[in-house]
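Below is one structure, written out as structure tokens; comments come after it.
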Amino acid sequence: MKKLKIYIVEDEPLIAATIETALKKQGFNVVGDGYDYTGAIEDIEKLRPDLVLLDIQLEGEKDGVDLAIQLDKKLIPYLYLTSQTDPSTIERVKATKPLGYIVKPFTEAGLSSNIELAWHNFSLTKEEYILIKSEGRTHKINQSDIRYLKAFDNYCYIITTEKQYIVPHTLKHTSEKLNDSNFIKTHRSYLVNAHRISEIHSDKVQVDDELIPLSSSNKELLLNKLNNL
């Protein structure tokens with residue numbers, strides 16, 4: 001199992017600290033924590049965790065269910081941290097899509113096993129998507145369908161198996177939305193889906209039926225990436 005990057009949303013500082021300590025002991029990477037809706041949203045967009053542990057009761061007007069709705073839209077997986085809740089909250093929870101529930105109080109072993117089981121089940125079934133805006137429309141693209149990305153001034157092209165999109169963001173900005181374990185920079189202007197590379201030449205890689213530039217400075221990184229897939 002890869003070292004998951006986890007973000008904790010919990011309005012009780014002592015509980016948040018206890019969770020963070022337990023997770024670090026189990027080998028997880030805790031990238032941050034928050035106690036309210038606004039701060040958590042800002043952190044999550046910046047830190048890009050693999051998984052969010054989400055308390056339902058939060059400080060402020062918006063609670064964990066409100067945050068879960070936004071995480072569903074952003075395709076960010078999460079687990080609820082729950083204690084007893086009122087019937088109206090339970091009804092709202094039913095409209096969201098958590099990986100599961102960790103019931104308070106919980107043990108260190110129970111916390112770890114719940115996370116590992118939920119992530120394992122998620123990994124078996126997940127398809128990773130990104131949302132992009134191109135030519136005035138929003139598109140949902142399966143990352144496995146992306147062949148490569150190409151820089152074009154302050155824009156970039158996303159080339160998929162079906163079509164080509166032009167995105168009003170730089171290659172660097174767009175690449176931050178992708179699962180970096182599957183994509184590799186072969187040249188300062190190209191980012192390639194490593195799973196679609198079939199051949200490596202001295203200064204090019206073959207991606208499906210197309211040759212993409214490969215710089216000498218990126219060649220070793222590419223080989224290491226392919227060896228670890």
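The values are calculated or read from the model by the stated rules, or taken from the named source; none is laboratory data. Predicted model, so just to flag it, every value in this text is computed and none were measured. As a convention, Cβ positions derive from the backbone with ideal geometry for all residues, glycine included, and neighbour counts pool all protein chains shown.
Every listed requirement among (1) exposed (fewer than 14 other Cβ atoms within 10 Å of the Cβ); (2) out of contact with any helix residue (DSSP H, G or I) (no Cβ under 7 Å at 6 or more places or on another chain); (3) not in a strand (DSSP E or B) is met by Leu131 save one, (3). Of all the residues that make up segment 136-181, how many are over 23 Å from Leu221 (Cβ atoms) and either in contact with a His (Cβ under 9 Å, 6 or more places away or on another chain) or without any contact (Cβ under 8 Å) to a residue 12 or more places away in the chain (or both)? Of the residues in segment 136-181, 11 are over 23 Å from Leu221 (Cβ atoms) and either in contact with a His (Cβ under 9 Å, 6 or more places away or on another chain) or without any contact (Cβ under 8 Å) to a residue 12 or more places away in the chain (or both). In the condition set (1) out of contact with any Asp or Glu (no Cβ under 9 Å at 6 or more places or on another chain); (2) part of a strand (DSSP E or B), Tyr80 is compliant with all but (1). Remark: pairs (first residue in segment 48-69, within 16 Å of Ala95 (Cα to Cα) and assigned by TED's automatic domain parsing to the domain that holds Thr82; second residue surrounded by fewer than 20 Cβ atoms within 10 Å (Cβ to Cβ) and of a type in the set (A, V, I, L, M, F, W, C); Cβ separation under 6 Å; 6+ apart in sequence or on different chains) = Val65/Val93. Only one of the listed residues (Glu116, Glu162) is more than 14 Å from Ser189 (Cα to Cα) and loosely packed, with under 13 Cβ neighbours inside 10 Å. That residue is Glu162.
The condition of being farther than 26 Å from Lys46 by Cβ, modelled with pLDDT of 95 or more and out of contact with any Phe, Trp or Tyr (no Cβ under 6 Å at 6 or more places or on another chain) holds for only one of Leu226, Leu214, that being Leu214. Scanning segment 38-83 for residues that are within 17 Å of the chain's Cα centre (by Cα) and β-branched (Val, Ile, Thr), we see that the one that is surrounded by the fewest Cβ atoms within 10 Å (Cβ to Cβ) is Ile69. Restricted to segment 148-188, and to residues that are out of contact with any helix residue (DSSP H, G or I) (no Cβ under 8 Å at 6 or more places or on another chain) and β-branched (Val, Ile, Thr), which residue is nearest to Lys3 (Cα to Cα)? Step by step, filter segment 148-188, then rank; the result is Thr174. Under 7 Å between Cβ atoms, which residue pairs at least 6 apart in sequence (or on different chains) link something in segment 96-114 that is closer than 24 Å to Asp66 by Cβ with a partner that is in a loop (DSSP other than H, G, I, E, B)? Pairs found: Leu99/Pro77; Lys104/Ser83.
Taking segment 168-210 as the region of interest, the strands (runs of 3 or more DSSP E) fully inside it that hold 3 or more residues being surrounded by fewer than 17 Cβ atoms within 10 Å (Cβ to Cβ) and more than 19 Å from the chain's Cα centre (by Cα) are 197-200. Residues that are among the hydrophobic types (A, V, I, L, M, F, W, C), assigned to a helix (DSSP H, G or I) and surrounded by 15 or more Cβ atoms within 10 Å (Cβ to Cβ) do not occur anywhere in segment 96-107.
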